[in-house]
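All remarks here apply to the structure that follows.
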Amino acid sequence: MEKIRGFEIAKGFENAGINIPVRKTKYSAGYDIEAAEDTVIPSFKKGMAPTLVKTGLKAYMQDDEYLKLCNRSSNPKKKGLIMANSIGVIDADYYGNPDNDGHMMFAFFNIKEEDVVIKKGEAMGQAIFEKFLIADGDNAEGARLGGFGSTSK
C-alpha cells in the first residue's frame, strides 16, 4: 500500500503502548490524539513556559499538506487547558527530522488555580490534515535540519 498520509509511532516510543489516532465518527475532521505519558500541567504563573505533552507520534503527508494540532473543545472549560500557540502546525518535512524523528507534542498552559494531570492514553487534542497554497513568486528551497522550533533558527 502506498503511504499518502497517516500516523506512525515516533522513535523511542515503539514499546510505550501508543495508540494510532482514529476519527470517532464518519464526518469528524479530526483524529483524536492521546498523551504518551502522564503529564502534570502546573497552574499558570507569569513568565512560565508552556508544558509540552508528548504524543509518541509522528505524521507523514504529501508535500502540499500540513497537520493542524487543535485543542479539544472541552479542555478550556473542563480542565483549564489552552494551547500556547493556539494551533500547532506540523509541516510535511517535520516527519523523520534528525533532532526528534518528527515527534509531535502539544504545548499547553493551565489557567486553573490547581495543577492538571493528563493521564497516559487520555485524549488531549485532535489533528486535522489540510492542504495549503503557495503564493506567486514563492521560491522557498530551504531544507529542515532540526525538530521543534528549528525553522526560526
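Couple of notes before you dig in:
- Those residues of the range 96-112 which are more than 18 Å from LEU67 (Cβ to Cβ), out of contact with any Lys or Arg (no Cβ under 9 Å at 6 or more places or on another chain) and in a strand (DSSP E or B), in sequence order: PHE109
- One residue stands out among those in the range 113-124 that are in a strand (DSSP E or B) and in contact with an Asp or Glu (Cβ under 8 Å, 6 or more places away or on another chain): the one that is farthest from GLY30 (Cα to Cα), which is VAL117.
- Residue that is surrounded by the fewest Cβ atoms within 10 Å (Cβ to Cβ), among those in the range 31-88 that are in contact with a Lys or Arg (Cβ under 9 Å, 6 or more places away or on another chain), among the hydroxyl-bearing types (Ser, Thr, Tyr) and over 30 Å from ILE134 (Cβ atoms): SER43
- Within the range 50-84, restricting attention to residues that are free of Cβ contacts under 8 Å to residues at least 24 places away in the same chain and part of a loop (DSSP other than H, G, I, E, B), the residue that is nearest to the chain's Cα centre (by Cα) is SER73.
- Selected residue (only one of PRO76, PRO98 is out of contact with any Ser or Thr (no Cβ under 8 Å at 6 or more places or on another chain), modelled with pLDDT under 95 and of a type outside the set (Gly, Ala, Ser)): PRO98
- Figure legend. Inter-residue proximity from the range 9-22: first residues part of a loop (DSSP other than H, G, I, E, B), second residues among the basic types (Lys, Arg) and surrounded by 13 or more Cβ atoms within 10 Å (Cβ to Cβ), beta-carbon distance below 7 Å, spacing 6+ or different chains. Indicated pairs: ALA10/LYS58.
- Residues of the range 51-85 classified as among the acidic types (Asp, Glu) and closer than 17 Å to VAL22 by Cα, total: 0
- Check on LYS45, assigned to a loop (DSSP other than H, G, I, E, B), touching an Asp or Glu at 6+ places or on another chain (Cβ under 9 Å) and without any contact (Cβ under 8 Å) to a residue 12 or more places away in the chain: no
The values are calculated or read from the model by the stated rules, or taken from the named source; none is laboratory data. All values reported here derive from a predicted model rather than from experimental measurement. A quick note on method: Cβ atoms are made from the backbone with ideal geometry, for glycine too, and the neighbour counts reach across all protein chains shown.
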